[in-house]
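*Asks:* Let me give you the structure first, and then I'll get to my questions.
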Amino acid sequence: MARTKTRFVCQSCGAIHPRWVGHCDSCDGWNTIIEEALPEIVPLGGKRGAKSSQNGGSAIDFFALDGGSTVAPRQETGMNEFDRVAGGGLVEGSAILIGGDPGIGKSTLLLQVTAALAKKARCIYISGEEAIDQIRLRASRLEVSTEPVELATATNVRNILATLDVEDPPDVVVIDSIQTMYIDGLESAPGTVAQIRASAQELIRLAKRRGFALFLVGHVTKEGAIAGPRVLEHMVDTVLYFEGERGHQFRILRSVKNRFGATDEIGVFEMTDHGLAEVANPSALFLADRQGEVSGAAVFAGIEGSRPMLVEIQALVAPSSFATPRRAVVGWDSARLSMTLAVLEARCGLQFAGNDVYLNVAGGLRISEPAADLAVAAALISSLTGEPMPENMIVFGEIGLSGEIRPVGQADTRLKEAEKLGFEAALTPPKSQKSGRKKTTASLQVNEINNLRGLIGMFGNAKPEVKAVGQ
Ligand code: TYD
Ligand code: MG
């Protein structure tokens, strides 16, 4: 009898170990390793054991770099926010992974996308998680019940492959979610690395062969990785993350990998009673609830992907009752906050020790640009001194460790967006020599500073050794 071969696979990072251990060296996870049977997938229509390489493989062809290539045709969904993130529409035969926390709205988004497309393309929605009735209920809530999307519930990948591997395949297929899919020849349970990898591989191969766009929904674990296998990210053409804070209605679709378009592009949506609504002007929305001149707030002119976005950065510096003061950050990098505080203390003589520091990016947006440094510093000093920043001023710039303000990219785009939204002043780094920025703005008063001292000078109370207000 043939011995079943097994291996030990970490369910969190996909690393393979020779024997069972309690701790995965590769991702530092504990108790994440389980024994799995070696995947043995029978290729569709092929014979098991049909060897190709040693005995009788055929030679492959090579091509020159400059041959004329056809531009992949794109299918626009008509949802602008989605199309932009996808790089201008869906590409035939491409595989798109949509990751996100459970309940963030992945199924809602894909039902809306397929419904928007259904009139001009044949769309199939296969759910492994919800019953047909549940999906119909959602469709009626989204007011798309009359669209000709074809629904199915299935989890067996072989059945799905058999259905889709036909002469006249559909144009778009949604698999919701890849974690519920399984291949029956494989001994591992659904949701394990081996099953997810094998299911995705088979589905992607078919999508390429038959030329339909394939959406794979993937749930994200609490650590932030698409549950278990990061391997999926390598297999697909495009990886989109759907993110947002539960308490906020904003949802952001972010492309982190795209073989057919720019990465770091974002689309902004708002979750309403009737599904996801596109937000064409996010800056206006993120600034809508601004309180006027209050201390501890600064408006940051950021860039997300290819477009500018203004957001309010809020800071609170308050006397601490803890031996080790708290540093809490929502929507920004906590290491960068520590760095900014250190520079303000060491280079400007401001005192944050003995104070708790809280930092929040309003609206539930996550910012990763270093260009936000100066706005964060402005919000921190404003809270420390109790003096508000001018209400009509936007701020951007990166702070260096010696307290210098460094130029950042796309300054003109940021300034134009600020002007469009009625801001009157801007605090910016000096012109970068390379870009040679022109003063394109007529109604915006641009204050260029090259050192943090220029920022401190705006606050009358910000003398070295100032303590938090009320201390
Ligand atoms: P869902 O698409 O099921 O999330 P996922 O597939 O990512 O798990 O989204 C579910 C959430 O969205 C749920 O909490 C209810 C909310 N929702 C609305 O607020 N409005 C709507 O019109 C719909 C359909 C859902
Ligand atoms: Mg869902």
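The values are calculated or read from the model by the stated rules, or taken from the named source; none is laboratory data. Keep in mind the model is a prediction, meaning the values are calculated, not measured. All Cβ positions, glycine included, derive from the backbone under ideal geometry; neighbour counts span all protein chains shown.
*Asks:* Restricting to segment 272-328, what's the tally of residues that are in contact with a helix residue (DSSP H, G or I) (Cβ under 9 Å, 6 or more places away or on another chain) and in a strand (DSSP E or B)?
*Replies:* Looking only at that region, the number is 25.
*Asks:* Moving on. Does Ser283 fit the bill of being in contact (Cβ under 8 Å) with a residue 24 or more places away in the chain and surrounded by fewer than 16 Cβ atoms within 10 Å (Cβ to Cβ)? Step through it out loud before you land on a result.
*Replies:* On the way: in contact (Cβ under 8 Å) with a residue 24 or more places away in the chain: yes; surrounded by fewer than 16 Cβ atoms within 10 Å (Cβ to Cβ): no.
No; evaluated as a whole, the condition is false for this residue.
*Asks:* Next question. Go through (1) closer than 16 Å to Glu92 by Cα; (2) touching a strand residue (DSSP E or B) at 6+ places or on another chain (Cβ under 6 Å); (3) not hydroxyl-bearing (Ser, Thr, Tyr) for Lys120 and report which single condition fails.
*Replies:* (2)
*Asks:* Under 7 Å between Cβ atoms, at least 6 apart or on separate chains: pull out the pairs that start in segment 89-111 with a residue that is in the same structural domain as Leu276 (by TED's automatic domain parsing) and free of Cβ contacts under 8 Å to residues at least 24 places away in the same chain and end on any residue that is of a type outside the set (D, E, K, R) and more than 16 Å from ligand 2 (Cβ to nearest atom).
*Replies:* Every condition considered, the pairs that remain are Gly89/Gln75; Gly89/Thr77.
*Asks:* Tell me which residues, restricted to segment 331-351, are surrounded by 13 or more Cβ atoms within 10 Å (Cβ to Cβ), free of Cβ contacts under 8 Å to residues at least 40 places away in the same chain and among the hydrophobic types (A, V, I, L, M, F, W, C).
*Replies:* If the condition is that a residue be surrounded by 13 or more Cβ atoms within 10 Å (Cβ to Cβ), free of Cβ contacts under 8 Å to residues at least 40 places away in the same chain and among the hydrophobic types (A, V, I, L, M, F, W, C), then Leu337, Leu341 are the ones that fit.
A quick yes/no check of all residues on (1) within 15 Å of ligand 1 (Cβ to nearest atom); (2) over 17 Å from Leu253 (Cβ atoms); (3) outside the structural domain of Tyr241 (by TED's automatic domain parsing):
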residue	(1), (2), (3)
Asn80	no, no, no
Val113	yes, no, no
Ile124	no, yes, no
Glu143	yes, yes, no
Glu147	yes, yes, no
Val157	no, yes, no
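*Asks:* A follow-up question, please. Is it the case that Ala64 is more than 16 Å from ligand 2 (Cβ to nearest atom) and outside the structural domain of Arg158 (by TED's automatic domain parsing)? Can you show your working first?
*Replies:* Values: more than 16 Å from ligand 2 (Cβ to nearest atom): yes; outside the structural domain of Arg158 (by TED's automatic domain parsing): yes.
Judged against the criteria, Ala64 is a match.
*Asks:* Under 18 Å from Ile399 (Cα atoms) and assigned to a loop (DSSP other than H, G, I, E, B), is that true of Phe352? Can you show your working first?
*Replies:* Working: under 18 Å from Ile399 (Cα atoms): yes; assigned to a loop (DSSP other than H, G, I, E, B): yes.
Yes; evaluated as a whole, the condition is true for this residue.
*Asks:* In segment 56-77, which residue that is surrounded by 13 or more Cβ atoms within 10 Å (Cβ to Cβ) and farther than 26 Å from Thr153 by Cβ is nearest to ligand 1 (Cβ to nearest atom)?
*Replies:* First, pick out the residues of segment 56-77 that are surrounded by 13 or more Cβ atoms within 10 Å (Cβ to Cβ): 72, 74-77.
Next, from what is left, pick out any that are farther than 26 Å from Thr153 by Cβ: 72, 74, 76.
Working: Ala72: 28, Arg74: 25, Glu76: 22 Å.
For segment 56-77, the residue satisfying everything is Glu76.
*Asks:* So which residues in segment 173-197 are under 19 Å from Val239 (Cβ atoms) and more than 15 Å from ligand 2 (Cβ to nearest atom)?
*Replies:* Val173, Val193, Ile196, Arg197
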